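Written out below as structure tokens is the structure these notes cover.
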Amino acid sequence: MEKFIKLMDESELKVGLVGNPKFKTIMLPVAKESVYGKEAESLKLWGVDPELGKHFIEGLQDKFQVLYFDYEGHRLKHPNSEHLTAENIVKDLLVIADKMDVKKFSYYGYSWLALVGLQLGIQTDRLESLIMGGFPPIDGPYKEMLIVTNKTYEQSKNNQNSSVFNEQDESKSQEKVDWDNIKVKLDTNQTKQFVTLYKNLKEFDDREIQHKLAIPKLIFAGEKDTIVYGKNFGNVTVDIVGILQKNKQELKHMGWDIEILEGKNMNHTKAMQPITVLEVIKPWLIKNLL
């Protein structure tokens, strides 16, 4: 079943629900539409599965009902530059659940969509379990990401007439990204909305809210998930795996299950691919929900 649902800003998002209605429901806001041809080849260079959403859904629907929608893709097409706050995103997700007649559900999100899951967990009692990938639940890099998104926004204003990557960058995977030579050519409204999100979370205390998450919860990241941004992006380091390793015992004490995904190239992009993620989250969901 698929339908278009009107969100808080009046934009309409395509949402699907598949699987046996008797199964537990997983909310999956990472289901990007499959892409083909040149665009697919470009994604593969960066280690991205061009059929990411399809593979996630197929991998989970035999045991769970999957509520899927491409929230990130929707926000790139329909930017909410002034109002993409954590509170408004949670409202969008709850509207989606309501319109699809889903009362209780688990949530999986990766990167900024993982931090959305943390917000969802503290703002509603409808969550049955939470899986965060590529963003730590305590000591999250909110201030660092505000710097990076601010710099990205500034570049988007200045680089509208240049290419997104120079030629040598296009032939590289994310393992060797030269952050000083990447040129941002996203629309300013697209980039500004993420400044709004991280500005809204600048003072957020992710330790103080942990007692509100009395549900099964999992955090995972690749063992190479450390991004060192150059001068053009504020000279900041976003060390996802370092934060997790530093806080491992404390997180366990708070009730978090932790998985560090091993592999020479297991960086931020590699650790979000279905072939990797499903091996981690599916057994965990089965153990904690079924």
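The values are calculated or read from the model by the stated rules, or taken from the named source; none is laboratory data. Just so it is clear, the structure is predicted and the values come from calculations on it, not from any experiment. Cβ atoms come from the backbone with ideal geometry, glycine included; neighbour counts cover every protein chain shown. Surface accessibility is based on the protein's heavy atoms, side chains included, excluding ligands, DNA and RNA. Shrake-Rupley method; radii C 1.70, N 1.55, O 1.52, S 1.80 Å.
From ASP169, ASP206, ASP139, which residue is of a type in the set (Asp, Glu), modelled with pLDDT of 95 or more and either open to solvent by less than 40 Å² (accessible area, probe 1.4 Å) or not in a loop (DSSP other than H, G, I, E, B) (or both)?
After ruling out the rest, the residue left standing is ASP206.
Hey, does the stretch 117-127 have a residue that's β-branched (Val, Ile, Thr), open to solvent by less than 10 Å² (accessible area, probe 1.4 Å) and at pLDDT 95 or above?
No: zero hits.
Let me confirm something: among LEU261, LEU218, LEU251, which residue is open to solvent by less than 20 Å² (accessible area, probe 1.4 Å), farther than 21 Å from MET27 by Cβ, of a type outside the set (Asp, Glu) and under 18 Å from the mean Cα position of the chain (by Cα)?
It is LEU261.
Go through the stretch 228-262 and report how many residues are of a type in the set (Phe, Trp, Tyr), outside any helix (DSSP H, G or I) and either under 18 Å from LYS143 (Cβ atoms) or without any contact (Cβ under 8 Å) to a residue 40 or more places away in the chain (or both).
Of the residues in that region, 1 qualify.
Quick one: is LEU113 surrounded by fewer than 24 Cβ atoms within 10 Å (Cβ to Cβ), in contact with an Asp or Glu (Cβ under 7 Å, 6 or more places away or on another chain) and not in a strand (DSSP E or B)?
Yes: the conditions hold for LEU113.
Suppose we filter the stretch 221-248 for residues that are farther than 16 Å from MET132 by Cα, open to solvent by less than 50 Å² (accessible area, probe 1.4 Å) and of a type outside the set (Val, Ile, Thr); how many remain?
Count: 4.
Under 9 Å between Cβ atoms, which residue pairs at least 6 apart in sequence (or on different chains) link something in the stretch 62-85 that is within 22 Å of MET100 (Cα to Cα) and free of Cβ contacts under 8 Å to residues at least 60 places away in the same chain with a partner that is acidic (Asp, Glu) and assigned to a helix (DSSP H, G or I)?
Correct list of pairs: TYR71/ASP92.
Does the stretch 25-36 contain at least one residue that is farther than 17 Å from VAL116 by Cβ, modelled with pLDDT of 95 or more and acidic (Asp, Glu)?
Checked the stretch 25-36: no residue is farther than 17 Å from VAL116 by Cβ, modelled with pLDDT of 95 or more and acidic (Asp, Glu).
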